[in-house]
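Novice: I am attaching a structure below and will ask some questions about it afterwards.
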Amino acid sequence: MPAGTELRGVAGPMAVASEPFMVMAKPAGPQCNLDCTYCYYLEKERLFPKASRYRMSEETLRAYISSFISSSPGPIVHFGWHGGEPTMAGLDFYRKVVSIQEELLPVGWTALNNLQTNGTLLDDRWGSFLARHRFSVGLSIDGPAFTHDASRPDKAGHPTHERAMRGLGVLRSHGIDPDVLCTLNSVTAAHPDEVYDFFLSESVRWLQFLPVLKREDDGSISPLSVSPQAMAEFLNRIFDRWVRNDVGRIGIQNFLESLLVFSGQPANLCVMAETCGRVLAMEHDGSVYSCDHFVLPGHRLGTLPNDGLGTLVESPTQLSFGLSKKESLTAYCRACPYLFACNGGCPKDRSAVSPDGEPGHNQLCEGYRSFFEHIDPYLRRMVAIMRSGGKITSIMSELAGGQGGGVPVVGRNEPCPCGSGKKYKNCHLRARS
């Protein structure tokens with residue numbers, strides 16, 4: 001927060017972070033009205049006493065909002081509300097959120113709120129409130145009913161697809177077009193065309209596929225998880241359809257983030273970035289952890305209001321956590337021509353042994369490499385189109401006009417699309433060989 005900017009009611013030691021960061025706040029703790037078979041977060045109930053009431057108090061909420069604002073460089077502060085299921089905190093909770101934000105924000109600053117939900121509890125009251133206060137919404141739907149309901153029952157074992165779709169309808173009726181998150185688990189990954197056709201038929205505009213890698217209590221990989229090969233086959237199949245028919249019609253985060261890094265820009269997604277540690281997780285009781293996937297006693301950084309968020313995100317412990325993503329790469333990973341795009345993936349998935357016998361390798365490495373190898377020539381062509389002032393949608397007409405819809409080719413002696421200034425044969429063509 002710039003010097004001289006006034007903030008009333010600041011909680012905890014004040015320290016402005018060196019760069020923007022995010023917090024996944026969980027106002028209803030790990031509680032959820034669904035019982036998704038692959039969920040990694042429901043088990044976090046073990047961290048709290050059995051009699052816990054999983055609701056963030058107004059005191060903790062105020063401490064969070066004030067500390068986050070005071071720690072942010074501004075003038076836009078992004079608040080993320082996650083779970084569990086964050087709508088279980090109730091609509092009145094979010095009315096308090098908006099009220100406290102309006103009270104504490106410095107003049108000229110703006111709070112942007114994002115709600116990640118399963119959508120099953122949304123009604124017109126929610127839709128009206130979210131639209132009025134300009135909440136962006138992420139909605140979890142695992143494709144059509146037969147793939148969604150296979151893994152996302154409610155607590156009584158009943159299907160939830162119809163209720164999730166009703167939530168989508170509520171949001172759209174109030175002018176909110178949500179980002180849709182679909183997990184890649186052992187069920188969805190087996191049906192790429194059916195899943196993709198469903199989202200196209202529902203006119204989804206922004207979609208992301210999130211690989212599921214769930215572990216059993218003994219540390220083994222659950223059969224609910226997606227295999228590396230299945231992940232690659234799913235993504236490759238959908239990419240082939242997207243790049244030929246749907247660029248500009250539907251934004252798929254997995255593909256557009258890849259295009260970003262192939263163009264030489266840093267990744268927005270922490271899973272693809274060189275380092276991590278800029279997305280904290282905060283439970284309903286104010287306890288702050290290194291990451292949503294590391295809500296564990298050993299990664300507990302502190303507690304609001306005792307500790308300021310800016311202090312915690314810049315602490316030696318958290319900085320070391322973020323750097324370890326880069327520093328703990330296996331030798332096989334460091335030598336990979338797609339390290340620039342993958343960066344070893346999420347540290348939570350590094351429980352495999354690399355092909356040359358080194359532990360700490362990503363379980364999904366084979367799948368990621370297959371995916372990047374597959375999309376490589378297409379993305380490099382799209383980068384070249386952008387750099388020549390064209391629109392990336394023109395890739396579709398190029399492919400349609402080619403022999404059998406073939407891969408666009410950059411000539412060996414042409415400049416490499418990565419922007420290095422070298423010829424393609426001396427740059428990424430050599431890296432791929």
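The values are calculated or read from the model by the stated rules, or taken from the named source; none is laboratory data. This structure is a prediction, so every number in the text was calculated from the model and none was measured. For neighbour counting, all protein chains shown are included, and Cβ atoms are generated from backbone atoms with ideal geometry for every residue, glycine included. Accessible surface is based on the protein model in full, side chains and every heavy atom, while ligands, DNA and RNA are left aside. Shrake-Rupley method; radii C 1.70, N 1.55, O 1.52, S 1.80 Å.
Novice: Could you please state how large a percent of the accessible area of the chain is carbon and sulfur, counting protein chains only and using a 1.4 Å probe? Don't skip to the end; give the middle numbers.
Specialist: On the way: 9840 of 18910 Å².
Ligands and nucleic acids excluded, carbon and sulfur reach 52 percent.
Novice: If you take the alpha carbon radius of gyration of the range 254-306 and divide it by 2.2 N^0.38 Å, what ratio comes out, to two decimals?
Specialist: Working: Rg = 14.6 Å, N = 53, 2.2 N^0.38 = 9.9 Å.
For the range 254-306, the normalised Cα radius of gyration comes out at 1.47.
Novice: Would you mind getting the accessible area per residue of the range 89-239, heavy atoms of the protein chains only, 1.4 Å probe, in Å²?
Specialist: On the way: 6280 Å² over 151 residues.
Per-residue value: 42 Å².
Novice: What number comes out for accessible area per residue over the range 253-293 if the probe is 1.4 Å? Units Å², please. Let's see the in-between values first.
Specialist: Details: 1330 Å² over 41 residues.
Dividing the accessible area of the range 253-293 by its residue count gives 32 Å².
Novice: Using r as the Cβ-Cβ distance of residue 59 and residue 319, and R0 as 22 Å, what FRET efficiency do you calculate, to the nearest 0.05?
Specialist: Rounded to the nearest 0.05, the efficiency is 0.15.
Novice: Still on this model: What full-extension length gain, to one decimal in nm, is calculated for residue 35 and residue 388 as 0.36 nm per residue of separation minus the Cα-Cα distance? Show your work: numbers first, answer last.
Specialist: Working: separation 353, 0.36 × 353 = 127.08 nm, distance 4.94 nm.
Going from the current span to full extension adds 122.1 nm.
Novice: When ranked by the protection proxy of mean other Cβ atoms within 10 Å per residue, highest first, what sequence do the peptides 237-249, 96-108 form? Let's see the in-between values first.
Specialist: Values: 237-249: 17.2, 96-108: 15.5.
Ranked by mean Cβ neighbours within 10 Å, highest first: 237-249, 96-108.
Novice: Counting each pair of different Cα atoms once, what's the Kirkwood radius of the range 4-152 in Å, rounded to one decimal?
Specialist: Details: mean 1/r = 0.0599 Å⁻¹.
Hydrodynamic radius (Kirkwood, Cα only) of the range 4-152 equals 16.7 Å.
Novice: Per-residue ellipticity at 222 nm for the chain, helices alone: DSSP H runs ≥ 4 residues times -39500 (n - 2.57), over residue total, nearest 500 deg cm²/dmol?
Specialist: Numbers: 15 runs with 156 residues, N = 433.
Theoretical 222 nm ellipticity from helices: -10500 deg cm²/dmol.
Novice: Right, next: Relative contact order for the chain: what is it in percent, counting Cα pairs under 8 Å that are at least 6 residues apart? Intermediate values should be presented prior to the final figure.
Specialist: Numbers: 774 pairs, mean separation 70.0, N = 433.
So the answer I get is 16 percent.
Novice: Taking Cα pairs under 8 Å and at least six residues apart, what relative contact order does the range 157-208 come out at, in percent? Let's see the in-between values first.
Specialist: Numbers: 20 pairs, mean separation 21.8, N = 52.
Once divided by the residue count of the range 157-208, the mean separation gives 42 percent.
Novice: Going highest first, how would you order 153-162, 112-121, 214-223 by mean Cβ packing within 10 Å? Show your work: numbers first, answer last.
Specialist: Working: 153-162: 13.8, 112-121: 20.5, 214-223: 11.2.
Packing proxy ranking, top to bottom: 112-121, 153-162, 214-223.
Novice: Now for a different question. Give, in nm to one decimal, the length gained when the segment between residue 78 and residue 145 is fully stretched (0.36 nm per residue of separation minus the Cα-Cα distance). If you can, show how the numbers build up before the last one.
Specialist: Values: separation 67, 0.36 × 67 = 24.12 nm, distance 3.27 nm.
Going from the current span to full extension adds 20.9 nm.
Novice: Within 14 Å, Cβ to Cβ, of residue 208, how many net charges do the neighbouring residues add up to if Lys/Arg are +1 and Asp/Glu are -1? Please list the in-between numbers first.
Specialist: Values: positive: 205; negative: 142, 179, 257.
Counting the neighbours of residue 208, the net charge comes to -2.
Novice: While we're here: Using the Cβ atoms and a cut-off under 14 Å, what net charge is assigned to the surroundings of residue 352, where Lys and Arg are +1 and Asp and Glu are -1?
Specialist: Numbers: positive: 215, 348, 350, 369; negative: 349, 356, 358, 366.
After counting each charged neighbour, the total is 0.
Novice: Two-decimal Rg/Rh of the chain from alpha-carbon positions, Kirkwood Rh?
Specialist: Values: Rg = 22.3 Å, Rh = 23.1 Å.
With Rg and the Kirkwood Rh in hand, the quotient comes to 0.97.
Novice: Can you give me the long-range amide H partners of residue 24? Hydrogens built in the peptide plane at 1.01 Å from N, cutoff under 5 Å, separation of 5 or more residues or another chain.
Specialist: 280, 281, 282
Novice: Additional query: As an exercise, use a Förster radius of 41 Å and the Cβ-Cβ distance of residue 229 and residue 107 to find the FRET efficiency, rounded to the nearest 0.05.
Specialist: Numbers: r = 55 Å, r/R0 = 1.34.
Step by step, r from the Cβ atoms, then E = 0.15.
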